[in-house]
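A short worksheet on the structure shown next.
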Amino acid sequence: MSRKVIGNPHDAPAIIGCVKKPFLYFLMLVLAWMPIGSRALADGLPDLGEVSQGDLSPQMEKRIGQQVMNDIRLHDPDYLDDPEIEAYLGRIGSRLAAQIEGSHPDFSFFVIKDSTLNAFAMPGGFIGVHTGLILAAQSESELASVLAHEISHVTQHHIARGINKQQQGQIAALVAMAVAILASRGDSQVTQGAVVGSQAAAIQNQLNYSRDFEREADRLGFTLLDKAGFDVRGMATFFGRLEKFGRLYENNAPSYLRTHPMTTERMTDIDNRVVLKPYRQVPDSIDFLLVKAKLRAQEGTPADAVADLTRQVGERKFNAEIAARYGLASARLRADDAAGAETEMQRLRKEKADSPMLDTLAAAIERKAGNTEGALKILRQSLGRYPQARAVAYGIMECLLDLHRGEDAVRFGNDDLQSYTTDYRMYALLARAYAAQGKQLQQHRAQAEYYYLTGQLMPAIEQLTIAQRAPDGDFYGHSQVDARLRELKSMQAEEAKDKKTQ
Ligand SMILES: [Zn+2]
């Protein structure tokens, strides 16, 4: 897990003036949830208690994780809204999670634009990965080894188990706070300023997993990695490299090491497990290489990215030519050079490769060049081949909207949502499609679902209230709005009740 954010409690006092609003916002949000009693915790640093899973129900874990996840998505400027990279991490995660024995939450992965090497897991299965960590992974198995380790922190309920037993009454609030702190990257002073000092220090202490938890996550992660068919050496090489960095940087060790302390013992354990396994060559998927190339194309200024990737292609410094050229085409597109991107795209099309990411880039280049019809054609063909590629479906909606084909967009969006009933991105696009057609009731209804699915209950209720008053829509439409509004209001009442009784 985790992003260490609070420095030593004896560090210089917090400078509230430089607090980044989004983080403060979400800490406040979490604090608002806490019962009065837990705001005055004892100063002592908690021991690691053996709190069983039963102390925090899976529903509660999910709720805490979801709330912080929603907050990151809405308020963290470094959240990377990239459905392709999220989906890629999700595929690796599902492959690993399929090997878990027993019940476990569904995992969802998201990406934070941050060059530090880190990843962190929140209760309920929400796992954040820094772009720096993805870029540092030299093979897919290396990346998978970190995800497997994080997944194991979740399945073993390490955050909840790390909370002192004496504080059990407040466990939900404490876990929520711990998660908020770990998710608020960056300035240590920020969090320290926002949260009452001693309490924050106590929580921070729990964010650095104990050696036992680390070894447990390694052991279980290793098994998942192995059973899922990855190269288990990936764990040894990646963690070994992190450890080497750690020694070089001393106090500025990669953040991953600060929250997942690496010990010689841990490394030895991993090495001992690796030697027992026969050698297994596991080639990287094309998507692994494309995801890294895509991230590289986003680094620095557009001109820097173009220069870097041009050099790589020129010097033939790459694992796969197709990924290097894809990166260069992405960087050229980012630099508003549609013609240059197109040339690169034509070159890479000659290579054999199979990924919807190539199609979405080709379509984006066409759109930039003003050929939206051409982009739509590419995406429609792509969706035929990759019906589950969400970025392709969103691209189709965007093209239809650009082309003022509101009716087609409405039809496409509604069909799509039959299969992907909780896709908030598609609801936002559908709301735009209805708006383009001037259909107010349906627009606000779709917008309400978008808000609901991103954890914004109040705005969702507002949208439905607006929909109720919409001059269009038939009796059936209005009854659906009324029914949904009743549902959301009762959820709101439940939430208010929960807060009181905590
Ligand atoms: Zn760990």
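Remarks
- Using θ = phi - 60° and Karplus 6.51 cos²θ - 1.76 cosθ + 1.60, couplings along the stretch 325-339 (whole Hz; Gly, Pro as x): 6, 4, x, 5, 4, 4, 5, 5, 4, 4, 8, 6, 9, 5, 5
- Taking one quarter of the surface of the convex hull spanned by the alpha-carbon atoms of the stretch 287-501 gives a direction-averaged projected area of 14.9 nm².
- Rounded if a/c under 1.5, otherwise prolate or oblate - the stretch 354-433, Cα gyration tensor axes: oblate
- Fewest-first ordering of His130, His149 by other beta carbons within 10 Å of each residue's beta carbon gives His130, His149.
- Computed extension gain for Asp269 through Lys244, at 0.36 nm per residue and net of the alpha carbon distance, reaches 7.3 nm.
- ³J(HN,Hα) computed for each position of the stretch 72-85 - Karplus, 6.51 cos²θ - 1.76 cosθ + 1.60, integer Hz, glycine/proline x: 4, 4, 7, 10, 8, x, 8, 5, 9, 7, 10, x, 6, 6
- For Leu80, the amide hydrogen comes within under 5 Å of the amide hydrogens of Val111, Ile112, Lys113, counting only partners 5 or more places away or on other chains and with H modelled in the peptide plane.
- Along its principal axes, the stretch 273-388 has C-alpha extents of 57, 36, 23 angstrom, given from the largest down.
- Averaging Cα coordinates gives a centre for the stretch 422-441 and one for the stretch 466-502; these two points are 18 Å apart.
- Residues Thr263, Thr131, Thr237, arranged from fewest to most other Cβ atoms within 10 angstrom of their Cβ, appear as Thr263, Thr237, Thr131.
- Quarter of the Cα convex hull surface for the stretch 413-486, i.e. its orientation-mean projected area (nm²): 4.5 nm²
- Whole-Hz Karplus values for the stretch 483-491 come out as 5, 5, 4, 4, 4, 5, 5, 6, 4 Hz, taken residue by residue from phi with 6.51 cos²θ - 1.76 cosθ + 1.60 and θ = phi - 60°; glycine and proline positions read x.
FYI, it's all coordinate maths here, none of it is from the lab. Fair warning: this is a prediction, and the values are worked out from it, not measured in the lab. Glycine gets a Cβ as well: all are built from the backbone with ideal geometry, and neighbour counts include every protein chain shown.
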